[in-house]
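What follows is one structure encoded as structure tokens, with my remarks underneath.
Computed from the coordinates by the stated procedures, all read-outs in this text should not be read as laboratory data. These numbers were taken from a predicted model, which means no experiment stands behind them. Positions of Cβ are generated from backbone atoms using ideal geometry, with glycine treated the same way; all protein chains shown enter the neighbour counts.
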Amino acid sequence: MTEVSEDILIELREKCEKVQNLLEGESKRDPETEPYKSVYAAREILSDMKSCLANLKDSIRSSDPLHDQIEAMYGGVLLLLGTLALDTEELATGEEHLMNCLSCLEDQAMQPKKVLVVLKALNQLGLLWSQRSDGNKSHGYLQQAEQLYNDYTDQVGEQPVDVYALFTVPDSGPATTKADSPLEKVHTLTLYYLAQVYGAMDNPLKSAIYCHNTLKRQLESKDYDKVEWALNSATLAQFFMEQNAFRQARHHLSAASYVLDKHDQDLQGIESSEDERLFRKEHLKHRSADVARCWTKYGLMLLSASRDRLMEAEEGQSGDATPRRLRPPGELSGLQFSLLELSMYEDQVTDSFVLTFDDARSVFLNSQQWLTQAKLYYTLDDHASDHVQIIKDYSELYRNLAFFEDDEERQCKMHKRRVDLLEGVVKELNPTYFLTACQELWFELGETYTHMVDIKLAKLEANSDAPSAHALQKVNHLAEQAIAAYNSFLDTLRDHKTKEIPDKFSKELERPGLLIYFYLAGLYRRLVAADKATKLTNLTNSLQYYQKVVDYCQRHEGAKDSVTAELSACQDIVALLPLKMAKLAETVAR
């Protein structure tokens, strides 16, 4: 057994300082042709340190006051070697170093000099197995890290020693608060990795909870990128919307807007070059537009869920005021950022289901404001695909608002506004470059015109007076516009040479294509005919499209599952409609 000389400790300290300088300083200046130049240099030094510390560890007395220190240093070097191996994609080597680190230290992991090394090793192993797509193993290591943090903070509580500090002479240095201590930062990383792993393991609820906790800890530490934080909070809000947790969604969107507004204020006081200032402003404008789009989605989904709630109550599907499927999971309650005062943002829009047109209009107007802000960045010229999606959201807002309107004429005006929005953008797009966008817009235009047809026909049927010629012409005009929109979609499917619709649609277009046949059949039946001959022609066209659905599903058995309800209706109509047409044909022939 030997004692450790001061010279050896000084040499280890100097080597550690070189490693830290290489990894935190020199590596930023590595040439593109040698991106790991500094990493490899640091690894050489660490390998020497590992050999030296291994000899010391084996030869030093366990009673020596430096025994635990040397052991912690050895584990720290193994951690650094393992981390660098993962950085250079040498996964097997990295795993070996990290497992050796755990073998060396995990029995004494509750010691202040060793706990951070063990926590970081567990995090790295969790990350490694996540990269290998083994969620269970990744989760196991990260759960160990979470438990170790909880045990240490409950039972020890002393500020632990970070890896590089193991080799340096202790000094007072700047005081760290609990929130920004190395231990807290490492634990925040553990929670972040767990959020990703739960997502990969198809447990989105737990993933969301861990995402929230990560964001909350970042706020408390004040060590985060404000723009990235805001975007993550807004993205998490979208998950809450999908769970009908509108209170949590609104809160996280409000937090995102609050942080972006604070960042905008901070930028005013930052001295920087003109290029850097412009870059930061553009980056902020971009991400502010993204958050604005999330606010728009909030209004959309709140109106949609409110509509579903009222429809289910009307159909008697639930005796409860809110059906079970529209209730948020209990685990999400209480997920809030207590450090932020957000009432100014939250008070702008409700988080409750809406019941009346006035309530719905208030949500609509709030979403409209955010949508207008998003359009300032996502213009048609510079961001065509995003702009189209924003216009579709705008159309959907009007569709949801129309549900809460009792007056048919005002409903029609809202759908007409949708038509104006959709036609306004589709005429500006070249289908050669924006085929999918054009198809989506034409499909929605067909649906919108059909809504208007149904409203007009329902109004005529409710009126005991004979309809005017103008009213009938209006119905036909709207139906013809719907037919034209659907045909524009079908035309994009035609073969360039033969101009024929293909025998089989592509997988992603099979359901839309068959639905268009079904909708066209219904539209031809809705056309109001001035005489029986015209009516027979309309019914012939209608039957033709119903038959197309039936024939297609007979030729392609797999298509039946995508249009089960529509196919059943088509089969019934194909069986019955010819009889009606035959009787009509007899009267025409007389």
field: Net charge over other residues, Cβ less than 14 angstrom from the Cβ of ASN366 (K, R count +1; D, E count -1)
entry: -2
- request: Might you report the magnitude of the Cβ-based charge dipole of the stretch 450-579 about its Cα centre, with Lys and Arg at +1 and Asp and Glu at -1, to the nearest 20 debye?
  value: 220 debye
- prompt: What number comes out for the charge environment of ALA530, summing +1 per Lys or Arg and -1 per Asp or Glu over other residues with Cβ under 15 Å away?
  reply: +2
field: Computed helical MRE - 222 nm, the chain, DSSP H runs ≥ 4 contributing -39500 (n - 2.57), nearest 500
entry: -24500 deg cm²/dmol
query: Under the definition of Cα pairs under 8 Å and six or more residues apart, what whole-number percent is the relative contact order of the stretch 434-498?
result: 56 percent
statement: The helix 564-589 Cα axis meets the longest alpha-carbon principal axis of the chain at an angle in degrees, between 0 and 90 and rounded to 10, of 20 degrees
message: At a 10 angstrom cut-off on C-beta neighbours, averaged per residue, how do the peptides 339-347, 185-193 rank from highest to lowest?
response: 185-193, 339-347
field: Label assignment, volume of the Cα convex hull per residue in Å³ derived from the structure, set (i) 244; (ii) 226; (iii) 184
entry: (ii)
- line: If unit charges are put on Cβ atoms (+1 for Lys and Arg, -1 for Asp and Glu) and the dipole of the chain is taken about its Cα centre, the option from VAL19, SER542, SER181 lying farthest towards the positive end turns out to be SER542
- request: Give me the angle, in degrees from 0 to 90, between the Cα long axis of helix 507-526 and the longest principal axis of the Cα atoms of the chain, rounded to the nearest 10.
  value: 30 degrees
query: Per 10 Å bin, what is the whole-percent P(r) computed from every C-alpha pair distance within the stretch 225-406?
result: 9, 34, 34, 17, 5, 1, 0
- prompt: Given the stretch 478-590, what whole percent of its Cα pairs are spread farther than 20 Å?
  reply: 45 percent
Dipole magnitude of the stretch 208-285, debye to nearest 20 (Cβ charges: Lys/Arg +1, Asp/Glu -1, about Cα centre): 460 debye
query: Mind listing which trypsin sites (Lys or Arg not before Pro) in the stretch 360-437 are in a DSSP loop and have 14 or fewer other Cβ atoms within 10 Å?
result: LYS427
query: So, counting K/R as plus one and D/E as minus one, what does the shell of residues with Cβ under 14 Å around GLU90 add up to?
result: -2
task: Please report, in cubic angstrom per residue, the volume enclosed by the convex hull of the alpha-carbon atoms of the stretch 261-367.
output: 133 Å³
query: Along the charge dipole of the chain, which of ASN476, GLY76, PHE337 sits closest to the positive end, that is, farthest toward it, with unit charges on the beta carbon of Lys, Arg, Asp and Glu (+1, +1, -1, -1)?
result: ASN476
- request: Give the shape of the stretch 353-500 as rounded, prolate or oblate, defined through the alpha-carbon gyration tensor: a ≥ b ≥ c are the square roots of its eigenvalues, a/c under 1.5 means rounded, and otherwise the shape is prolate if a/b is larger than b/c and oblate if not.
  value: oblate
- request: Give the calculated FRET efficiency between ASN136 and GLU331 to the nearest 0.05, with a Förster radius of 30 Å applied to their Cβ-Cβ distance.
  value: 0.90
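Place a +1 charge on the Cβ of each Lys and Arg in the chain and a -1 charge on the Cβ of each Asp and Glu, then give the dipole magnitude about the Cα centre in debye, rounded to the nearest 20.
Numbers: 66 positive and 93 negative charges, 601 e Å.
Using Cβ point charges on Lys, Arg, Asp and Glu, the chain gives about 2880 debye.
Is the shape of the stretch 391-476 rounded, prolate or oblate, going by the alpha carbon gyration tensor and its root eigenvalues a ≥ b ≥ c, with a/c under 1.5 for rounded and a/b larger than b/c for prolate?
Values: a/c = 3.30, a/b = 1.91, b/c = 1.73.
In terms of gyration-tensor shape, prolate.
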statement: The helix 67-87 Cα axis meets the longest alpha-carbon principal axis of the chain at an angle in degrees, between 0 and 90 and rounded to 10, of 40 degrees
- request: Please say if the stretch 177-270 is rounded, prolate or oblate, where rounded means a/c under 1.5 for a ≥ b ≥ c the square roots of the C-alpha gyration tensor eigenvalues, and otherwise the choice is prolate for a/b larger than b/c and oblate otherwise?
  value: oblate
Taking the chain and dividing mean pair separation by its residue count, relative contact order in percent (alpha carbons under 8 Å, at least six apart): 7 percent
statement: From the Cα centre of the stretch 290-361 to that of the stretch 65-94, the distance in Å is 50 Å
In nm, spacing of pseudo-spin labels at ASP225 and ASP358 (7 Å Cα→C-beta vector): 4.6 nm
Cβ crowding within 10 Å averaged over residues, with 516-524, 95-103, 575-583, 17-25 ranked highest first: 516-524, 95-103, 17-25, 575-583
